[in-house]
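Novice: The structure follows.
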Amino acid sequence: MGGYIGAKTGTLVASASDIRGDISATDTTPEIVLKNTTETDADGGREGTLTFKGEKSGGEEVTLAQIEGSHDSTNDDSRGQLVFKTNNNQLGDNVTETKMTINSSGNVDVTANTASITIRNTSEEDTDGGRESKFKFQGEQSGGEISTLAEIQGSHDGTADDEKGDLIFKTNDGSDGVSPTEAMRIDSSQNVAIGNAVPTGKLTISESSGANAPTSITADNTYLQLGSGDFGASNNGKFMIGFGFTDGTTNTNSPAYIGYQETSTSGDTKGALTFHTRDVVTDTAPSEQMRIGSDGGVHIKPELNAPLIVENPATNNQGAYVKIRDGNSTAGQYTWIGRSAHDTYVYANNSDLAMKITGGSSDAGIVTKPNQPMFDAYLTANTTHSAGVYNLSTGDSWSNRTNVGSHFSSGTFTAPVAGRYLFAAGIGSNALGSMTYFGLEFQVNGVRTYVHWFGKGATGSSYFAANNSAIINLAANDVVRLASEKAQSCTILGGASYSFFTGMLLG
């Protein structure tokens, strides 16, 4: 130093108005005391100031900075504050402005047009997480223990020799001690991760890497919650996510929305999941196009006359299908309704084809029901029947013209499903002598029923026919066959034009 003014050791007392040179106080507890003897309780009063001055190249004296201690408040008390002032070359050579204040509570106030605090790590390293600087937030428990509640850290992102940085937010989960757990990170690409240190998009919300995802639906397990203690004033609260171009903050509307819409604010509220889109390119509010109601039903706005479209965009033969299942269905079993090529299909129990509607330029509109069948068969050859009841189905040979579903076999039809069936049959015959009665009947599971009788009183050779038709309610696997009862033996005529048996399911 350039010398001393006053004693080199002990207490320094100076009454001169201008002291030049170095001042040193040497003691076991050295201090310099600036005492303001004005008796005032004004805020900012009782001030004592250290002023730092210098001279310009022309010798002009200027005030560069000041540190001031003064009263904090207007009470008759001892509270004080420390004020730091600098000259910004705007108000004159000897005018300073307050830039930082530490008040009597220990709070720090930094004041500037673009206020900033710089924390610099001087270690020269390129490690991931290196060059770190931290703000730590601590507190004391009821027993006086100091705990680190949270941290904000800026550090290097990656291991390259570059300037990339990330911002990490950490909180204490209750058992972290002095090392809080990372809760959120903004990486050098400005991607945000919540709950995970590695964002995979603009925003990633997840459990920490390797942790289990929630296995139950609760508010606490929710990854993203829109709404909490708020609700609509008139049962019409809307909790929406917007999508698309909004021209910055210029437009009023987003092009599309998905969200929850209240239908009742009674109790803990209920509502629907709604979908909104627009079909114009102006800043117009999107209209609700579809909703999943609180009852689970899917509703498409009726006034739009809009269809529910299910499309498989791939060029293949897989088609596109809708799966339907109720709560009482066997696990894994669905009804499928879909389209492949030009045709429409309905499958029961995943793979059982229940109905096909043919499309395209030929045979369009033909409905095929493999499990709701039809058949048309005829007796192939003449057979001689004795008097009494004769089983036409199993006793004679039949050939099929049509047999959808293959449920007619060897003259016998087996119902694949329960329902109402229409049957028709006819037989041609010749007889010798007097035929006083002749019957044609449908037998269900071997029981005679639906008998039609035809009588003939003349004698001699003759040809005649017996016909029958009936609508019969059948259970699945019921068996239907033909039988004829005659007064005397006769020949039943075969061939495609004489004796037939046909049937179909009505529903």
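The values are calculated or read from the model by the stated rules, or taken from the named source; none is laboratory data. Keep in mind that this is a model prediction, so the values were computed, not measured. Note that each Cβ is placed from the backbone with ideal geometry, even for glycine, and that neighbours are counted across all protein chains shown. With ligands, DNA and RNA removed, areas are computed over all heavy atoms of the protein, side chains included. Shrake-Rupley method; radii C 1.70, N 1.55, O 1.52, S 1.80 Å.
Novice: Quick one: in segment 459-477, which of the residues that are open to solvent by 50 Å² or more (accessible area, probe 1.4 Å) and among the hydroxyl-bearing types (Ser, Thr, Tyr) is modelled with the lowest pLDDT?
Specialist: It comes out as THR459.
Novice: If a residue must be charged (D, E, K, R) and open to solvent by 60 Å² or more (accessible area, probe 1.4 Å), how many such residues does segment 269-294 contain?
Specialist: Initially, segment 269-294 is screened for residues charged (D, E, K, R), giving 270, 278-279, 283, 288, 291.
Subsequent filtering for residues that are open to solvent by 60 Å² or more (accessible area, probe 1.4 Å) retains 270, 279, 283.
So the count comes out to 3.
Novice: Give VAL108, VAL198, VAL178, VAL192 a once-over and let me know the one that is of a type outside the set (S, T, N, Q) and under 27 Å from PHE84 (Cβ atoms). So that I can check it myself, show each step before the final result.
Specialist: Working: VAL198 fails: under 27 Å from PHE84 (Cβ atoms); VAL178 fails: under 27 Å from PHE84 (Cβ atoms); VAL192 fails: under 27 Å from PHE84 (Cβ atoms).
Being of a type outside the set (S, T, N, Q) and under 27 Å from PHE84 (Cβ atoms) holds for just one of VAL108, VAL198, VAL178, VAL192, which is VAL108.
Novice: What is the residue count in segment 91-124 for residues that are under 27 Å from ASN172 (Cβ atoms), surrounded by fewer than 12 Cβ atoms within 10 Å (Cβ to Cβ) and not aliphatic (A, V, I, L, M)?
Specialist: Of the residues in segment 91-124, 6 are under 27 Å from ASN172 (Cβ atoms), surrounded by fewer than 12 Cβ atoms within 10 Å (Cβ to Cβ) and not aliphatic (A, V, I, L, M).
Novice: Under 6 Å by Cβ, and 6 or more places apart or on different chains, what pairs join a residue from segment 241-257 that is touching a residue at least 12 places away in the same chain (Cβ under 8 Å) with one that is outside any strand (DSSP E or B) and of a type in the set (Val, Ile, Thr)?
Specialist: SER254/THR246
Novice: Okay, next question. So which residues in segment 198-211 are modelled with pLDDT of 90 or more and under 19 Å from ASP173 (Cβ atoms), if there are any at all?
Specialist: Matches in segment 198-211: ILE205, SER206.
Novice: On to the next question. Those residues that are over 30 Å from GLY45 (Cβ atoms), in a loop (DSSP other than H, G, I, E, B), under 44 Å from the mean Cα position of the chain (by Cα) and not polar (S, T, N, Q), I need them from segment 104-150; list them, please.
Specialist: Passing the criteria: ILE119, ARG120, GLU125, ASP126, ASP128, GLY129, GLY130, ARG131, GLU132.
Novice: Now for a different question. Is it the case that ILE194 is surrounded by 17 or more Cβ atoms within 10 Å (Cβ to Cβ) and under 22 Å from LEU149 (Cβ atoms)?
Specialist: Values: surrounded by 17 or more Cβ atoms within 10 Å (Cβ to Cβ): no; under 22 Å from LEU149 (Cβ atoms): yes.
Considered against the rule, which asks whether it is surrounded by 17 or more Cβ atoms within 10 Å (Cβ to Cβ) and under 22 Å from LEU149 (Cβ atoms), ILE194 comes out as no.
Novice: Being under 21 Å from ASP230 (Cα atoms), open to solvent by 60 Å² or more (accessible area, probe 1.4 Å) and hydroxyl-bearing (Ser, Thr, Tyr) is the filter here; which residues of segment 248-262 pass it?
Specialist: Of segment 248-262, the ones under 21 Å from ASP230 (Cα atoms) are 257-262.
Next, from what is left, pick out any that are open to solvent by 60 Å² or more (accessible area, probe 1.4 Å): 258, 260.
Answer for segment 248-262, where residues must be under 21 Å from ASP230 (Cα atoms), open to solvent by 60 Å² or more (accessible area, probe 1.4 Å) and hydroxyl-bearing (Ser, Thr, Tyr): just TYR260.
Novice: Right, next: Can you tell me how many residues in segment 204-246 are of a type outside the set (S, T, N, Q) and in contact with a Pro (Cβ under 9 Å, 6 or more places away or on another chain)?
Specialist: Step one: list which residues in segment 204-246 are of a type outside the set (S, T, N, Q), which gives 205, 207, 210-211, 213-214, 217, 219-220, 223-224, 226-227, 229-233, 237-245.
Now drop any that are not in contact with a Pro (Cβ under 9 Å, 6 or more places away or on another chain), which leaves 207, 220, 223, 242-245.
Total satisfying the criteria: 7.
Novice: Let me ask something additional. Do we have any residue at all in segment 178-189 that's open to solvent by 50 Å² or more (accessible area, probe 1.4 Å), in contact with a Gly (Cβ under 8 Å, 6 or more places away or on another chain) and part of a loop (DSSP other than H, G, I, E, B)?
Specialist: no
Novice: When segment 138-171 is examined, which residues are found to be farther than 28 Å from ASP126 by Cα, open to solvent by 30 Å² or more (accessible area, probe 1.4 Å) and touching a Ser or Thr at 6+ places or on another chain (Cβ under 7 Å)? Spell out how you get there, then give the answer.
Specialist: To start, the set of residues in segment 138-171 that are farther than 28 Å from ASP126 by Cα comprises 138-147, 149.
Filter again for open to solvent by 30 Å² or more (accessible area, probe 1.4 Å), leaving 138, 140-146, 149.
Matches in segment 138-171: GLN138, GLN141.
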